[in-house]
1. Applying a 10 Å radius around every beta-carbon, put B:244-251, A:279-286 in order of their mean neighbour count, most first.
2. Need one number: buried accessible surface between chains B and A, 1.4 Å probe, both sides summed, DNA, RNA and ligands left out, in Å² to 100.
3. Report, as an integer, the average count of C-beta atoms from other chains found within 10 Å of each Cβ along A:260-268.
4. Say a paramagnetic label sat at a point 7 Å from the Cα of A:Leu192, along Cα to Cβ; which residues of region A:132-171 have their backbone N under 18 Å from it?
5. Which order, highest average first, do A:77-85, B:191-199, A:236-244, A:168-176 follow once you tally other Cβ atoms within 10 Å for each residue and take the mean per peptide?
6. Give the average, rounded to an integer, of partner chain Cβ atoms located within 10 angstrom of each Cβ in B:168-176.
7. For the cross-link pairs A:Lys180/A:Lys257; A:Lys118/A:Lys334; A:Lys180/A:Lys231; B:Lys206/B:Lys228, which exceed 21 Å when the distance is taken from alpha carbon to alpha carbon?
8. Which residue, chosen from B:Gly54, A:Phe137, B:Pro231, occupies the Cα position most advanced towards the positive end of the dipole of the protein assembly as shown, where the dipole is computed from +1 (Lys, Arg) and -1 (Asp, Glu) charges on Cβ about the Cα centre?
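The values are calculated or read from the model by the stated rules, or taken from the named source; none is laboratory data. Fair warning: this is a prediction, and the values are worked out from it, not measured in the lab. Cβ atoms come from the backbone with ideal geometry, glycine included; neighbour counts cover every protein chain shown. In case anyone asks, the SASA skips ligands and DNA or RNA and just uses the protein heavy atoms, side chains included. Shrake-Rupley method; radii C 1.70, N 1.55, O 1.52, S 1.80 Å.
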Amino acid sequence: MNIVCLGLSHRTASVEQREKFAIAESELGSAACRLSTTDGLGECVVISTCNRVEVYAAAPDAGFALAALRRFFAERATADDTAFYQADATESIRHLFRVVSGLESMVLGETEILGQVKKAYQAACDAGATGRHLNKFFQRAFNVAKEVRTKTNITRGSTSVGAVAVDLAEKIFGKLNSCKVMILGAGETSELTARALLSRGAHSIFVSNRSHDRAVALAAELGGRAIHFDKWHDELLPADILIGSTAAPHAIVTREKIAPVMRQRKDRPLFIIDLAVPRDVDPAVNEMDGVYLYDIDSLKAIAGQSLEVRRADLALCEQMIERHVAEFGVWLAKSHLPPLERGAHLAKRLAAS
Amino acid sequence: MERSLLVASTFCFLLGLAYTVYALRARHFRPSRFNLSAIFCGFVLQSAFLYLRGEKVRACPVTNLFEVLIFLSWSIVLLYLVVGPAYRLSLLGAFTSPMVFVFQLFALLAPIDRPAAPRAHHSSLLELHAALSVMAYGAFALGCVAGVMYLVQERQLKSHQLHSIFFHLPPIHDLAVAITRLLFAGFALLTVGLFAGFLVGVPMLKVVIGEAVWLAYAAILLGEWMKKISPRRFAVLAVAAFAFALVTLSGLNLLGGK
């Protein structure tokens, strides 16, 4: 029995090409079911995410199976042959193991892909499109992903400024449910960061901007409250996270403004995210007890550092994957043997060990 | 038999220490079942040792510095097993193992296991005083460990240098809460222990030393309660106060017995 894969991804095809072949999540099961009934294809799983569309099939003849998969893609749209990649035997096993481990993702080590592959596999299962070989193959792939994630640093840290800011906030406050956020300067980056914080449970947004109308508009969008720019420091006391992104040519958040607030806050920390260039916050503020200041460069440095840590573990991940590829290859090679021969193989292995 | 149990227990904590060092060097620091299992085995062996020793001395086994150190180590591990999971401070174990290992190794190597003078009469209040006081020190020790974790986390957050351990330490705010609770728990135990000692009439010098520790922690907790000290200073004081408490513990022992 052979396992083959045909598809296109962010590495081989542009978004314009990928979107032509994208399949809605609700249709993944039926597509897999339809393919699995094609002559020569016994089992199929169809994966479709924003970065890739791939089909995996188990079939006795790899060439025949790949031709059937090519016809499946050709029915949906047309694209250059260079947009597609195909793999059979060991190569297809390695490919799926790398995909679920996040090694083929646009952001190295991202974890969303595992959930997407699990959903695609479940849809195929529910539609009756999988059998013994693909069931074993995908279960092994999920185990590989789990091992890679737990035994290496491939998912360590965050790789975008917004996500790093949210991670840091959680390292300071724990759950963000009771955190209040103040935005100084209604820019796009500060809005994105505030939205990321809101998605993790933060609430009560205060928005202050030189143009009060813009502050009112953003506050309405985020479900917060607008405050006048010259009064922001009067309203700082209840805030836990301060995001600065004004276009001011000099620091507007200084020790002198923060010190009286910190005295009243007692032991509640204050996390300041300075996204502005020139900076909105005087760096000396970071020396104050209970104040944690991060500017855009330090956030970018942490994101870069996370990516470096992930890259450093790439070889280790590949080693783990290779071990599983070899083990699964052995299982697959023997899977087509009649039960008696499989028993003999097992006895030989036991005797050898 | 007794000593073998203790050696085996110390070995378990050595394994915990080795794991911590390995994990730190490999920049792959994360809570591990291995570490928890090592701590749990060490605790079971400690308990067996203390049971046998208690049978031998026919009292709570805190009759000399050797026993006090083992009982203290046992209290630290017991409290860790109770509060660690409750406050999601699983890494407290990684920091606890080295401390307990050092205490037990010192107890095993130093010539401090001298039989105490036989007591004229058995008093359950005296047993309560001794046991509660040492358990209070256990809570202070764990508060000290949480303080060290706080300072490590705080330093990384301030310097923007996030190492492997950063991702596995609890949020700094949770650590501050844990230090407060551990110190309050220790303070309450010490208060009851000292009161029991006062009732039973322990020597005045011992009472004074015990009260010095009590006063030090009372001052720290009062400062925290009145919000007069920052969380960072509170963490530093939790570490410093435990160092002071340890010194007084050996001082108390020089005065002999309970």
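1. Packing order, densest peptide first, comes out as A:279-286, B:244-251.
2. The summed interface area works out to 2200 Å².
3. That average works out to 3.
4. Residues A:158-169 fall inside that zone.
5. Sorting A:77-85, B:191-199, A:236-244, A:168-176 by mean packing, highest first, produces A:236-244, A:168-176, B:191-199, A:77-85.
6. Average neighbour count from other chains, rounded to a whole number: 4.
7. Result: A:Lys118/A:Lys334; B:Lys206/B:Lys228 exceed 21 Å.
8. The Cα lying farthest towards the positive end belongs to B:Gly54.
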